[in-house]
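Visitor: This is the structure I want to talk about, given as structure tokens.
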Amino acid sequence: MSSIVEVILDGILPVFNIYTGIGCCMTLLCGLVLSPLLTPMVVTKYSEFGRHKKTYWNTLLGSTVHAIVLTVVTCYALLFDPLGEEYLISLSPVGRALLRFSLGYFMTDFVFVMMDSEMRKDLMNFCHHTISMFGIWLGVYLDGVALFWIVYRFFAELSTTFVNIRWCMSAVNYPKSSAIYIVNSLVLAITFYIARIFVIPYHWYTMYYYVYLDPSVTTAWPLFIRYWIIITFVAFDILNIVWAYKIVAGGYKLLKKSRKQSE
């Protein structure tokens, strides 16, 4: 029994430090204090929301803060930090701190998801959180292995802010034909494809070149690591491709509807 506990603690304790705590506290503060306190001052319809709608709305502030932090710090890390040149193993303090901050956010937000019956039914969101937590946890636990590729894919959060804005506008029945809604949807589509789809070829090219063409890496990395980075990123890419299809389909319907109204 004690050996099982030791294995569990060995897998859990290394992921926690001040940055994990900051991610957890930020998410709790936004979801339980700031959003419920500030939203009614700005959005009059907030009081009319049901329990599920309020809960989901409140999680979006933490999601947006997390997305902005990840986007800004990821750009800095890839452009100015040694992480941008350390593909296989990196001890970049910026990259490691970013992983723990993001893990703190995802773990806390996952609790919000599990506590709400409606959010638990959202299979795509559930899978996204599960894949993200598992991938980031292994990245933290393995301490620098494949850190470049994990941080590189954090750039996906560039589109999250616009996704959240669109959901909020839909929640308050903001006219979909309005200029603001259309512009936000357009920016959402552009940032989504840039940050989640167009980055895929370079990701797999560099991984294939640096990991699978170098025999020394094949022998140095345990087999489970090589399977982990493939399975995790393939699952992540499948989710993004499905979402990308839905965005295109939704945009087509919106344009078609706007064209009919103009006629």
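The values are calculated or read from the model by the stated rules, or taken from the named source; none is laboratory data. In this text the structure is predicted, and so the values were computed from the model without any measurement. With ideal geometry, Cβ positions are generated from the backbone for all residues, glycine too; neighbour counts draw on all protein chains shown.
Visitor: Determine, yes or no, whether residue 137 is buried (at least 18 other Cβ atoms within 10 Å of the Cβ), in contact (Cβ under 8 Å) with a residue 40 or more places away in the chain, of a type outside the set (Asp, Glu) and more than 18 Å from residue 83 (Cβ to Cβ). Can you show your working first?
Guide: On the way: buried (at least 18 other Cβ atoms within 10 Å of the Cβ): yes; in contact (Cβ under 8 Å) with a residue 40 or more places away in the chain: yes; of a type outside the set (Asp, Glu): yes; more than 18 Å from residue 83 (Cβ to Cβ): yes.
For residue 137, the condition - buried (at least 18 other Cβ atoms within 10 Å of the Cβ), in contact (Cβ under 8 Å) with a residue 40 or more places away in the chain, of a type outside the set (Asp, Glu) and more than 18 Å from residue 83 (Cβ to Cβ) - is met.
Visitor: Moving on to the next point. Please enumerate the residues belonging to the stretch 134-155 that are small (Gly, Ala, Ser) and in a helix (DSSP H, G or I).
Guide: 135, 139
Visitor: Being of a type outside the set (Lys, Arg), at pLDDT 85 or above and in contact with a His (Cβ under 8 Å, 6 or more places away or on another chain) narrows it down to one of 181, 193, 152, 174, so name that one.
Guide: It is 152.
Visitor: Can you find, within the stretch 70-91, the residue that is modelled with the lowest pLDDT among those that are closer than 20 Å to residue 142 by Cα and among the β-branched types (Val, Ile, Thr)?
Guide: The selected residue is 89.
Visitor: Please identify the pairs in which a residue from the stretch 226-253 that is more than 18 Å from residue 194 (Cα to Cα) and part of a helix (DSSP H, G or I) has its Cβ atom under 8 Å from the Cβ atom of a residue that is modelled with pLDDT under 90 and of a type in the set (A, V, I, L, M), counting only partners at least 6 apart or on another chain.
Guide: 226/211; 228/138; 229/146; 229/207; 229/211; 232/131; 232/138; 235/131
Visitor: Another question, if that's okay. Would you check which residues across the stretch 104-133 are assigned to a helix (DSSP H, G or I), closer than 20 Å to residue 196 by Cβ and either of a type in the set (Lys, Arg) or at pLDDT below 90 (or both) and list them?
Guide: 123, 124, 125, 126, 127, 128, 129, 130, 131, 132, 133
Visitor: Further question: Tell me whether the stretch 74-94 contains one or more residues that are in a helix (DSSP H, G or I), in contact (Cβ under 8 Å) with a residue 40 or more places away in the chain, touching a Cys at 6+ places or on another chain (Cβ under 6 Å) and surrounded by 18 or more Cβ atoms within 10 Å (Cβ to Cβ).
Guide: No - not one qualifying residue is present in the stretch 74-94.
Visitor: Kindly list the number of the only condition in (1) surrounded by 11 or more Cβ atoms within 10 Å (Cβ to Cβ); (2) under 26 Å from residue 70 (Cβ atoms); (3) not hydrophobic (A, V, I, L, M, F, W, C) that fails for residue 176.
Guide: (2)
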